[in-house]
1. Give me the percent of DSSP beta bridges within the chain that run antiparallel, rounded to the nearest 5.
2. Name the residues whose placed amide hydrogens come within less than 5 Å of the amide hydrogen of residue 107, ignoring near sequence neighbours (fewer than 5 apart) on the same chain.
3. Starting from the 7 Å offset along Cα-to-Cβ, what nm value, one decimal, do you get for the label separation of residue 163 and residue 30?
4. What FRET efficiency comes out for residue 4 versus residue 122 if R0 is 30 angstrom and r is the Cβ-Cβ distance? Round to the nearest 0.05.
5. With the full set of protein chains in place, find how many percent of the accessible area of the chain is carbon and sulfur; take the probe as 1.4 Å.
6. For each pair in 66/133; 19/66; 57/133; 133/154; 18/122, compute the distance between the two Cα atoms and list the pairs where it is over 23 Å.
7. Which order do the peptides 114-120, 31-37 come out in when sorted by mean C-beta neighbours inside 10 angstrom, highest first?
8. Quick check for you: with a 1.4 Å probe and neighbouring chains kept, what is the accessible area per residue of the chain, in Å²?
Amino acid sequence: MKDIRCAVVYSSRTGNTKKVAEAVVQALPEGTALYPVEEAPAPDGFDFLALGFWADKGGVDGAMQKYMAQVAGRDMMVGLFGTMGASPESEHGRAIMADARNRVAGNTVLCDFLCMGKIDPKVLKMMEAMRAKGSDNIHPMTPERAASIAEAEKHPNEADMVAARECFAGMIKK
């Protein structure tokens, strides 16, 4: 991947995905561009794109969905990474990554990486308000959910950054 044009494009609401994007760019060839999705150029100028998103409503956030629509079907190499407030190893995490992969269909996904990230306090307040109105069936505050939210507060951490770099560096070695 030494002589190919690479870019990292990310969407970040709270800064979690931006942190991971900065780690990913370190693993890619020198000169790899880093763009927030709002400033990203059209994908046709690149041979490889690393696309970063945050989980929203069980899938890829809306801004990255729009960019992925431009990438879909281009027969190019892509890598995917994202952040979410729950365990990436959960069924929910697998569904989110499946959503990301589906949105870039027609390309070769060389690697994917998903890690926990702090949940936006506004989202937590919204869920709390929903529960107060009797909508507890959507996101019930169980001891497990409370523990997961507390764990998410610790992420992304340095171990997550190392794992993201290793994921993308390993892709280059292949």
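1. Of those bridges, close to 10 percent are antiparallel.
2. Here the answer is 73, 75, since their amide H atoms fall under 5 Å of that of residue 107.
3. 3.1
4. 0.15
5. 52
6. Checking Cα-Cα distances, 66/133; 133/154 exceed 23 Å.
7. Order by mean packing, descending: 114-120, 31-37.
8. 52
The values are calculated or read from the model by the stated rules, or taken from the named source; none is laboratory data. Values in this document were obtained by computation on a predicted structure and should not be read as measured data. Every residue, glycine among them, receives a Cβ derived from its backbone with ideal geometry; neighbour counts consider all protein chains shown. Surface areas here come from the heavy atoms of the whole protein model, side chains and all, with no ligands, DNA or RNA. Shrake-Rupley method; radii C 1.70, N 1.55, O 1.52, S 1.80 Å.
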